[in-house]
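The values are calculated or read from the model by the stated rules, or taken from the named source; none is laboratory data. Quick caveat, the model's predicted, so the values are computed rather than measured. Counting neighbours? That spans all protein chains shown, and the Cβs are built from the backbone with ideal geometry, glycine included.
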């Protein structure tokens, strides 16, 4: 059921809160995503804090389209402060399409999995993490898994 999927995504978002996030954290996270993606396939990775591009990497077998998809997913996160997959599922639950219902340009916004809010404790959402190259579910899971691993390493 979709409601359970929404609850699951919200639970994930609550579990990926950094105590702090700086340039070193961005680098560690980007490298962790690369490490975790190595056996899955090529992805593009974009990490932004307050609109500052802190990390970008395009793995082998990616294209300019992947960079564009990262930005479209990140735009959804930035506007709604939730993961792009959450926003997709939220509107599917309402039996409508995200872009059509909200009258958003699909060349700018895409509610597909892989865009994740960058959340810092006592600050809230301060940026975006986006991945493109796998299926949207795998893009989402890759970022969530990598964030959780980095947070555990910092403790």
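Among the residues in the range 56-69, are any at pLDDT 95 or above, surrounded by 15 or more Cβ atoms within 10 Å (Cβ to Cβ) and either under 10 Å from the mean Cα position of the chain (by Cα) or part of a loop (DSSP other than H, G, I, E, B) (or both)? The answer is yes, given that some residue of the range 56-69 is at pLDDT 95 or above, surrounded by 15 or more Cβ atoms within 10 Å (Cβ to Cβ) and either under 10 Å from the mean Cα position of the chain (by Cα) or part of a loop (DSSP other than H, G, I, E, B) (or both).
Inspect the range 107-122 for any residue being loosely packed, with under 15 Cβ neighbours inside 10 Å, farther than 17 Å from residue 44 by Cβ and in contact (Cβ under 8 Å) with a residue 60 or more places away in the chain and give the result as yes or no. The answer is yes, given that some residue of the range 107-122 is loosely packed, with under 15 Cβ neighbours inside 10 Å, farther than 17 Å from residue 44 by Cβ and in contact (Cβ under 8 Å) with a residue 60 or more places away in the chain.
For the range 1-32, the set of residues classified as assigned to a helix (DSSP H, G or I) and in contact (Cβ under 8 Å) with a residue 60 or more places away in the chain consists of 2, 3, 5, 6, 9, 10, 12, 13, 25, 28, 29, 32, listed by residue number. Checking each residue in the range 120-149 for being closer than 22 Å to residue 24 by Cα, outside any helix (DSSP H, G or I) and in contact with a helix residue (DSSP H, G or I) (Cβ under 7 Å, 6 or more places away or on another chain) picks out 128, 129, 130, 131.
Just so you know, in the range 36-50 the residues that are touching a residue at least 40 places away in the same chain (Cβ under 8 Å) and farther than 16 Å from residue 114 by Cα include one that is surrounded by the most Cβ atoms within 10 Å (Cβ to Cβ), and it is 49. Among the numbered conditions (1) more than 20 Å from residue 149 (Cα to Cα); (2) assigned to a loop (DSSP other than H, G, I, E, B); (3) touching a helix residue (DSSP H, G or I) at 6+ places or on another chain (Cβ under 9 Å), the only one that residue 113 does not meet is (1).
Of all residues in the range 18-35, those satisfying the criterion of being in contact with a strand residue (DSSP E or B) (Cβ under 9 Å, 6 or more places away or on another chain) and crowded, with 18+ Cβ neighbours inside 10 Å are 18, 21, 25, 26, 29, 30, 33.
Within the range 85-106, does at least one residue satisfy the condition of being part of a helix (DSSP H, G or I), surrounded by fewer than 22 Cβ atoms within 10 Å (Cβ to Cβ) and touching a strand residue (DSSP E or B) at 6+ places or on another chain (Cβ under 7 Å)? No, there is no match, as no residue in the range 85-106 is part of a helix (DSSP H, G or I), surrounded by fewer than 22 Cβ atoms within 10 Å (Cβ to Cβ) and touching a strand residue (DSSP E or B) at 6+ places or on another chain (Cβ under 7 Å). The listed residues are 78, 152, and the only one of them that is without any contact (Cβ under 8 Å) to a residue 60 or more places away in the chain, within 18 Å of residue 28 (Cα to Cα) and not in a strand (DSSP E or B) turns out to be 152.
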